[in-house]
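A.B. asks: My questions will all concern the structure given below.
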């Protein structure tokens with residue numbers, strides 16, 4: 001079993017045992033969640049870096065006390081928000097703005113669930129065969145929005161086949177998601 005296949009429980013156990021690669025995997029697994037949470041509060045990227053470091057240090061200190069690793073994502077969102085608040089507390093005007101953003105934001109559990117769902121879809125997306133992978137990437141993820149004609153030319157397929165091919169590819173993605181029973 002590769003370390004990337006470990007559950008959060010297993011990773012935390014290996015981290016506590018001092019396995020560096022488990023710690024690196026745990027941080028890599030939740031890095032985007034921590035950063036996006038910090039950035040959603042309105043922090044500048046350099047401030048989000050500081051919050052990220054603080055949250056990682058808190059996580060390291062609290063690993064042995066974590067009781068519910070199934071809610072690790074929600075715990076990290078809450079901890080990140082607290083660190084943002086602590087950073088913003090230094091500037092009272094920013095603090096009022098932050099309070100409004102946090103009050104209107106999703107619950108930590110909801111953010112963590114969206115993050116987990118995104119990880120599952122990405123994992124399944126990586127398992128698609130190349131033609132489907134390339135087509136869906138161009139249609140949904142490519143930052144350069146291309147026309148159907150450009151995509152068809154680049155992928156060497158007829159433009160009028162993009163819609164039906166997309167449907168078949170999405171069905172394949174759905175099948176992968178269901179078969180893996182994430």
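All of the numbers you see were taken from the coordinates with simple rules; none came from a lab. Worth saying up front: this structure is predicted, and the values here are computed from it rather than measured. Neighbour counts are summed over all protein chains in view; Cβ atoms, including those assigned to glycine, are modelled from backbone coordinates with ideal geometry.
A.B. asks: Taking the number of other C-beta atoms within 10 Å as the exposure measure, put 130, 49 in order starting with the fewest.
C.D. replies: The fewest-first ordering by Cβ neighbours comes to 130, 49.
A.B. asks: Ok, one more. Arrange the following residues from fewest to most other Cβ atoms within 10 Å of their Cβ: 165, 175.
C.D. replies: Lowest count first: 175, 165.
A.B. asks: Largest first, please: the extent of the C-alpha atoms of the range 127-182 along each principal axis, to the nearest Å.
C.D. replies: 36, 22, 15
A.B. asks: Right, next: Going by C-beta contacts inside 10 Å, put 81, 40 in order with the fewest on the left.
C.D. replies: If I rank by nearby Cβ atoms, fewest first, I get 40, 81.
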